[in-house]
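Have a look at the structure below before the remarks.
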Amino acid sequence: MQAAKTMFKELEEINARPEPFEFYTASDLWTDEHTSKQMLAFHLNGEVDVSSRKAAFIDRSVEWIASHFSVGSKTKIADFGCGPGLYATTLAQRQADVTGIDFSKRSIQYAREAAIRKNLSINYVHQNYLEFGFSIESSFSDVAGSSFNPETEEFAVVAKRLI
């Protein structure tokens with residue numbers, strides 16, 4: 001776990017924004033009326049890796065998550081950055097108690113409507129999910145459970161909320 005904590009500290013330092021890029025503006029992609037509409041369309045296109053992963057990868061990820069964590073009726077899952085609920089929906093279909101959190105109003109609205117259409121009880125919250133405190137339990141190179149490798153371009157963590 002110490003290696004993962006060190007990695008995140010190093011990532012913060014490496015990714016410090018030099019002037020004039022010191023201000024974080026990525027949230028504009030999800031909150032601007034026109035841009036958020038386009039981003040949602042990319043999320044929902046299962047054939048491209050733009051806003052979300054391709055549908056085949058999401059399916060593989062959900063299979064790994066469900067298997068690795070024995071997802072069932074007593075499993076509580078928080079999907080941070082849930083977007084339009086692509087993972088939350090499939091995990092809820094496996095009877096998990098899912099909360100999806102995202103700062104995009106448009107994505108949350110879409111996710112809520114999709115859950116209603118599919119008769120799924122998913123709690124969707126419009127909130128900045130970067131404001132929560134967690135401890136890191138384990139690290140992976142992706143959300144399909146690949147062993148952690150610091151050389152990969154992405155990573156996933158399993159975290160528990162600090163009480």
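Just so it is clear, none of the values below were taken in a lab; they were calculated from the coordinates. Predicted model only: the values in this text are computed from it and were never measured. Reconstructed Cβ throughout: ideal geometry from the backbone, glycine too, with neighbour counts over all protein chains shown.
Please order VAL157, VAL50, VAL62 by the number of other Cβ within 10 Å, starting at the fewest.
VAL50, VAL157, VAL62
Would you list SER141, SER121 from fewest to most Cβ contacts within 10 Å?
Working: SER141 17, SER121 9.
Ranking SER141, SER121 by Cβ neighbours within 10 Å, fewest first, gives SER121, SER141.
What's the ranking of 103-111, 34-42 by average number of surrounding C-beta atoms within 10 Å, highest first? Could you put the intermediate results ahead of the total?
Values: 103-111: 19.9, 34-42: 14.0.
Peptide ranking by packing, descending: 103-111, 34-42.
Along the charge dipole of region 2-161, which of PHE69, LEU44, SER146 sits closest to the positive end, that is, farthest toward it, with unit charges on the beta carbon of Lys, Arg, Asp and Glu (+1, +1, -1, -1)?
It is PHE69.
Cross-link candidates for LYS118: which lysines have Cα within less than 24 Å, leaving aside residues fewer than 8 places away along the same chain?
List returned: LYS37, LYS54, LYS74, LYS76, LYS105.
Based on the alpha-carbon gyration tensor of region 2-161 and its eigenvalue square roots a ≥ b ≥ c, which shape applies: rounded if a/c is under 1.5, prolate if not and a/b is larger than b/c, or oblate? Walk me through the intermediate numbers first.
Working: a/c = 1.65, a/b = 1.12, b/c = 1.47.
Taking the square roots of the gyration eigenvalues as a ≥ b ≥ c, region 2-161 is oblate.
Mind listing the long-range amide H neighbours of VAL125? Cut-off is under 5 Å, sequence gap 5 or more, other chains count too, H placed in the peptide plane at 1.01 Å from N.
Amide H neighbours of VAL125, under 5 Å, 5+ apart: GLY100, ILE101, ASP102.
If neighbour count is taken as other Cβ atoms inside 10 Å, put SER73, SER146 in order from fewest to most.
Details: SER73 8, SER146 14.
Taking fewest neighbouring Cβ atoms as first place, the list is SER73, SER146.
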